[in-house]
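Nothing in this text is a laboratory measurement; each read-out follows from the coordinates by a stated rule. Just so it is clear, the structure is predicted and the values come from calculations on it, not from any experiment. For neighbour counting, all protein chains shown are included, and Cβ atoms are generated from backbone atoms with ideal geometry for every residue, glycine included.
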Amino acid sequence: MQKLGVKVIPVFFRTPFFTEERAVQTANANGLKLEVIDISKAHLEMMKNPRYGFGKNFNPCIDCHGLMFRLAGELLTQYNADFLISGEVLSQRPMSQRRDAMNAVSKLSGYKDLLIRPLSQQLLEDTQPIREGWIKKSDMLAISGRSRKPQLALAKELGVSVFPGPGGGCRLTDKNFSVRLRDLVEHNQLNLPEITLLKYGRHFRLDDKTKFIIGRDENDNNNIIGAQAGFLFMLNEEIPGPLGLLCIKEIDDNLISQAASLLAYYNSKSPDSVTISYGFSFPLDKSVTVKKAAADLVNTLMVKE
């Protein structure tokens, strides 16, 4: 589109399920100023009841794309822009880029007539930018199907050598992440702190309101500390091992004892009876002595992946 003389304002919408790091790196490498806009609140609302449902895992791709185009359309006045451009390719992805799905996305957005898809527009219905001659349809392309060869050839022609791989990077298409996310939805806990923690550790469901997370390694432990959102830390301070995070905001002795026994189970060097320290901040100022949880209890409480 830039080659055709169009001024393009690239926009990335951030949610808890896909972040901008790869897009920013690619934009910087190609001399593009990328606008990053957080749409987490609107995206979480959409996730509660997507009109077109979910894909193979927990990915509401059609509703997600429709939401992003609607929000992009609402930015047209702010950026003094005339129409929307999408890099979608007809039939490239099985859920959201079928012809009927792309039509559904356009209708959902409310900006159907201002949207063009330059890589496939010759194969698609004309919209206002085409009908009114803002853009010539003959300048558009007719790419379709799952092969990436046409895009790679186009990138070479345009001198674009730095670009991300074909995977979208959306965690909602990941099976294990989706299982954990479904657990949050089923327990009415679809909120940013809980979602952020889905990426780390082993997860356990202690009751309808409470989860417990155990780090798998030092990296997990550090990320849990960084994302803890005011929940309760648990740690065996005498024998190095995993960090636990009990998702409660007030002390509950029964939940603490249950979580401590789970934490002890995952420390192979701990004796059968162990003292676990806990607190809402470091240094941990309280402790409880428990026995290691039995394997069958661990399996029962784990959010299965």
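List of remarks:
- In this structure, Glu125 and Lys199 have a Cβ-Cβ separation that, at R0 = 41 Å, corresponds to a calculated FRET efficiency of about 0.55.
- Within the same chain, lysines fewer than 8 places from Lys291 are excluded, and of the rest, those with a Cα less than 22 Å from its Cα are Lys211, Lys269.
- Within the set [x] 31, 57, 11, 1; [y] 28, 44, 24, 4; [z] 28, 54, 17, 0, the number that P(r) over Cα pairs in 20 Å bins from 0, in percent takes when calculated for this structure is listed as [y].
- Exposure proxy order (Cβ contacts within 10 Å, fewest to most) of Met234, Met302: Met302, Met234
- Difference of contour (0.36 nm per residue) and Cα-Cα distance, Ser268 to Lys136: 40.8 nm
- Cβ-based charge dipole, the range 174-301, positive-most Cα from Ile195, Phe177, Asn299: Phe177
- For the chain, size of Cβ-based charge dipole, Lys and Arg +1, Asp and Glu -1, in debye: 1200
- Going by neighbour counts of Cβ atoms within 10 Å, the residues Lys41, Lys199 line up, fewest first, as Lys41, Lys199.
- Taking Ala260, Ala42, Ala295 as the candidate residues, the one with maximal mean-square fluctuation in a Gaussian network model of the chain, Cα springs under 10 Å, is Ala295.
- Here Gln25 and Asn176 are evaluated by their C-beta separation; at R0 = 35 Å the FRET efficiency comes out at 0.85.
- Cα gyration tensor category, rounded, prolate or oblate, for the range 114-210 with a/c compared to 1.5: prolate
- In the elastic network of the chain, a GNM with C-alpha springs shorter than 10 Å, the most mobile of Glu237, Glu88, Glu157 is Glu157.
- Per-residue ³J(HN,Hα) for the range 267-279, Karplus 6.51 cos²θ - 1.76 cosθ + 1.60, θ = phi - 60°, Hz, x for Gly and Pro: 10, 5, 8, 6, x, 4, 10, 9, 9, 10, 8, 8, x
- Residue pairs exceeding 25 angstrom between C-alpha atoms, taken from Lys3/Lys137; Lys209/Lys286; Lys107/Lys149: Lys107/Lys149.
- Between Phe204, Phe163, Phe54, the Gaussian network model of the chain with springs among Cα atoms under 10 angstrom shows the greatest mean-square fluctuation at Phe163.
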